[in-house]
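J.: Dumping the structure here so I can ask a few things about it.
The values are calculated or read from the model by the stated rules, or taken from the named source; none is laboratory data. A quick note: this is a predicted structure, and the numbers were derived from the prediction, not measured. No Cβ is skipped: glycine too gets one built from the backbone with ideal geometry, and neighbour counts run over all protein chains shown. Areas reflect the complete protein model, heavy atoms only, side chains present, ligands, DNA and RNA absent. Shrake-Rupley method; radii C 1.70, N 1.55, O 1.52, S 1.80 Å.
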Amino acid sequence: MTIKSTSSNGNFELYNEQSEKIADLKYANIFSSRAQVSFNGNEIEIVPADFWKTKFEIIKNGAAYGTITFDWIGNSIITVQQKKYKLKTRGLLNQRFEFINESEEKLFEMKPSLDWKQMNYDY
(Lines give C-alpha, C1' and ligand atoms only; values in the text may rest on other atoms or scores of the structure.)
Protein backbone atom coordinates (compact mmCIF):
# COMPACT_ATOMS: atom_id res chain seq x y z
CA MET A 1 0.00 0.00 0.00
CA THR A 2 1.22 3.50 -0.80
CA ILE A 3 0.19 6.93 0.45
CA LYS A 4 1.17 9.70 -1.98
CA SER A 5 1.25 13.39 -1.21
CA THR A 6 -0.62 15.34 -3.86
CA SER A 7 -0.02 18.93 -2.71
CA SER A 8 1.86 21.03 -0.18
CA ASN A 9 -1.27 21.64 1.92
CA GLY A 10 -1.43 18.03 3.18
CA ASN A 11 -3.60 16.27 0.59
CA PHE A 12 -2.95 12.55 0.11
CA GLU A 13 -4.08 9.66 -2.07
CA LEU A 14 -4.07 6.01 -0.93
CA TYR A 15 -3.20 3.27 -3.44
CA ASN A 16 -3.46 -0.51 -3.07
CA GLU A 17 -0.83 -3.06 -4.17
CA GLN A 18 -2.18 -2.95 -7.75
CA SER A 19 -1.62 0.85 -7.87
CA GLU A 20 -5.38 1.52 -7.87
CA LYS A 21 -6.51 4.61 -5.98
CA ILE A 22 -8.79 3.58 -3.11
CA ALA A 23 -9.05 6.82 -1.10
CA ASP A 24 -8.10 10.46 -1.09
CA LEU A 25 -7.87 13.05 1.67
CA LYS A 26 -8.25 16.75 0.84
CA TYR A 27 -8.04 19.91 2.94
CA ALA A 28 -9.97 23.05 1.99
CA ASN A 29 -6.74 25.10 2.02
CA ILE A 30 -3.26 25.12 3.56
CA PHE A 31 -4.52 26.64 6.84
CA SER A 32 -7.57 24.42 7.21
CA SER A 33 -7.98 21.84 9.98
CA ARG A 34 -10.97 20.25 8.25
CA ALA A 35 -10.44 17.37 5.85
CA GLN A 36 -12.68 15.46 3.45
CA VAL A 37 -11.98 11.80 2.73
CA SER A 38 -13.53 9.72 -0.06
CA PHE A 39 -13.15 6.02 0.69
CA ASN A 40 -15.02 3.00 -0.58
CA GLY A 41 -18.08 5.01 -1.61
CA ASN A 42 -18.26 6.83 1.74
CA GLU A 43 -17.76 10.50 2.48
CA ILE A 44 -15.82 11.04 5.69
CA GLU A 45 -15.14 14.38 7.35
CA ILE A 46 -12.45 15.07 9.93
CA VAL A 47 -13.31 18.23 11.87
CA PRO A 48 -11.78 19.91 14.95
CA ALA A 49 -13.66 19.14 18.18
CA ASP A 50 -11.92 21.70 20.39
CA PHE A 51 -10.34 25.14 20.15
CA TRP A 52 -6.75 23.86 20.59
CA LYS A 53 -7.14 21.26 17.82
CA THR A 54 -5.98 18.39 20.01
CA LYS A 55 -9.17 16.43 19.35
CA PHE A 56 -10.94 15.80 16.06
CA GLU A 57 -14.24 14.13 15.23
CA ILE A 58 -14.62 11.61 12.44
CA ILE A 59 -17.99 11.93 10.71
CA LYS A 60 -18.98 9.22 8.23
CA ASN A 61 -21.91 9.91 5.90
CA GLY A 62 -23.19 12.62 8.27
CA ALA A 63 -23.05 10.57 11.51
CA ALA A 64 -20.44 10.54 14.30
CA TYR A 65 -18.07 7.63 13.70
CA GLY A 66 -15.01 8.18 15.90
CA THR A 67 -12.38 10.55 17.25
CA ILE A 68 -8.72 11.38 16.86
CA THR A 69 -6.87 12.83 19.86
CA PHE A 70 -3.24 13.77 20.35
CA ASP A 71 -1.39 13.08 23.58
CA TRP A 72 1.42 15.15 25.08
CA ILE A 73 4.18 12.96 23.59
CA GLY A 74 2.95 13.26 20.00
CA ASN A 75 0.99 10.04 19.58
CA SER A 76 -2.35 10.00 17.79
CA ILE A 77 -5.10 7.97 19.44
CA ILE A 78 -7.79 6.95 16.97
CA THR A 79 -11.09 5.63 18.35
CA VAL A 80 -13.49 4.00 15.88
CA GLN A 81 -16.57 2.07 17.01
CA GLN A 82 -15.28 1.56 20.57
CA LYS A 83 -11.88 0.27 19.36
CA LYS A 84 -8.73 2.27 20.04
CA TYR A 85 -5.65 2.46 17.87
CA LYS A 86 -2.45 4.41 18.32
CA LEU A 87 -0.22 5.97 15.68
CA LYS A 88 3.28 6.28 17.18
CA THR A 89 6.32 8.04 15.78
CA ARG A 90 9.49 5.96 15.97
CA GLY A 91 13.11 6.78 15.22
CA LEU A 92 14.93 10.06 14.91
CA LEU A 93 17.08 9.88 11.79
CA ASN A 94 15.24 6.92 10.29
CA GLN A 95 11.72 8.08 11.16
CA ARG A 96 8.73 5.77 10.74
CA PHE A 97 5.18 5.50 12.06
CA GLU A 98 3.67 2.44 13.73
CA PHE A 99 -0.06 1.73 13.85
CA ILE A 100 -0.82 -0.23 17.04
CA ASN A 101 -4.03 -1.82 18.35
CA GLU A 102 -5.33 -1.95 21.96
CA SER A 103 -3.25 -5.07 22.67
CA GLU A 104 -0.07 -3.14 21.70
CA GLU A 105 0.33 -5.29 18.58
CA LYS A 106 1.85 -3.50 15.58
CA LEU A 107 -0.64 -3.76 12.70
CA PHE A 108 1.51 -1.98 10.12
CA GLU A 109 4.35 0.49 9.74
CA MET A 110 4.66 3.52 7.46
CA LYS A 111 8.03 4.72 6.22
CA PRO A 112 8.31 8.16 4.63
CA SER A 113 10.19 8.78 1.39
CA LEU A 114 10.96 12.36 0.44
CA ASP A 115 10.52 13.60 -3.13
CA TRP A 116 13.17 16.34 -3.28
CA LYS A 117 11.75 17.80 -6.50
CA GLN A 118 8.36 18.53 -4.97
CA MET A 119 9.33 18.58 -1.26
CA ASN A 120 6.55 16.08 -0.44
CA TYR A 121 6.60 12.94 1.64
CA ASP A 122 5.09 9.71 0.35
CA TYR A 123 4.58 6.69 2.62
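J.: Would you mind getting the accessible area per residue of the chain, heavy atoms of the protein chains only, 1.4 Å probe, in Å²?
T.: Normalised by residue count, the accessible surface of the chain is 72 Å².
J.: Along the Cα→Cβ direction, 7 angstrom out, place labels at Gln18 and Ser113. What is the inter-label distance in nm?
T.: 2.1 nm
J.: To continue, here is another question. Under a point-charge model restricted to the Cβ atoms of Lys and Arg (+1) and Asp and Glu (-1), what is the dipole moment magnitude of the chain relative to its Cα centre, in debye to the nearest 20?
T.: For the chain, the charge dipole is close to 240 debye.
J.: Please give the net charge around Glu20, taking every other residue with its beta carbon less than 14 angstrom from that of Glu20, where Lys and Arg add +1 and Asp and Glu add -1.
T.: Net charge around Glu20: -1.
J.: Where does the charge balance sit around Ile59 when Lys and Arg score +1, Asp and Glu -1, over other residues with C-beta under 13 Å from its C-beta?
T.: -1
J.: Could you calculate the FRET efficiency of Thr69 with Glu105 from 1/(1 + (r/R0)^6), where r is the beta carbon distance between them and R0 is 22 Å, rounded to 0.05?
T.: 0.60
J.: In terms of modelled amide H atoms, which long-range or inter-chain residues lie less than 5 Å from the amide H of Asn75?
T.: none
J.: Can you tell me, using C-alpha contacts under 8 Å and at least 6 residues apart, the relative contact order of region 7-123 as a whole percent?
T.: It comes to 11 percent, rounded to a whole number.
J.: What is the sum of charges, Lys and Arg at +1 and Asp and Glu at -1, for the other residues whose Cβ falls under 12 Å from the Cβ of Lys106?
T.: After counting each charged neighbour, the total is 0.
J.: Taking Lys86 as the anchor, which lysines have their alpha carbon closer than 26 Å to its alpha carbon, excluding any fewer than eight residues away along the same chain?
T.: Qualifying lysines at Cα under 26 Å: Lys4, Lys21, Lys26, Lys53, Lys55, Lys60, Lys106, Lys111.
J.: Moving on to the next point. Could you look at the chain and say what percent of its accessible area is carbon and sulfur, using a 1.4 Å probe and all protein chains?
T.: Ligands and nucleic acids excluded, carbon and sulfur give 52 percent.
J.: Choose one of Ser7, Gly62, Val47: the residue whose Cα lies farthest towards the positive end of the charge dipole of region 1-83 (beta-carbon charges +1 Lys, Arg; -1 Asp, Glu; about the Cα centre).
T.: Value computed over the given set: Val47.
J.: Please label the shape of the chain as rounded, prolate or oblate, based on the square roots a ≥ b ≥ c of the eigenvalues of the alpha-carbon gyration tensor (a/c under 1.5 means rounded; beyond that, a/b larger than b/c means prolate, else oblate).
T.: It is rounded, given that a/c, with a ≥ b ≥ c, falls under 1.5.
J.: At most 15 other C-beta atoms within 10 Å and a DSSP loop state: those are the exposed trypsin sites (Lys or Arg not before Pro) I care about. Give me the longest piece of the chain that has none.
T.: With a cap of 15 other Cβ atoms within 10 Å, the longest stretch comes to 54-116.
J.: Once you place label points 7 Å from the Cα toward the Cβ at Leu87 and Tyr123, how far apart are they in nm?
T.: Modelled inter-label distance: 0.5 nm.
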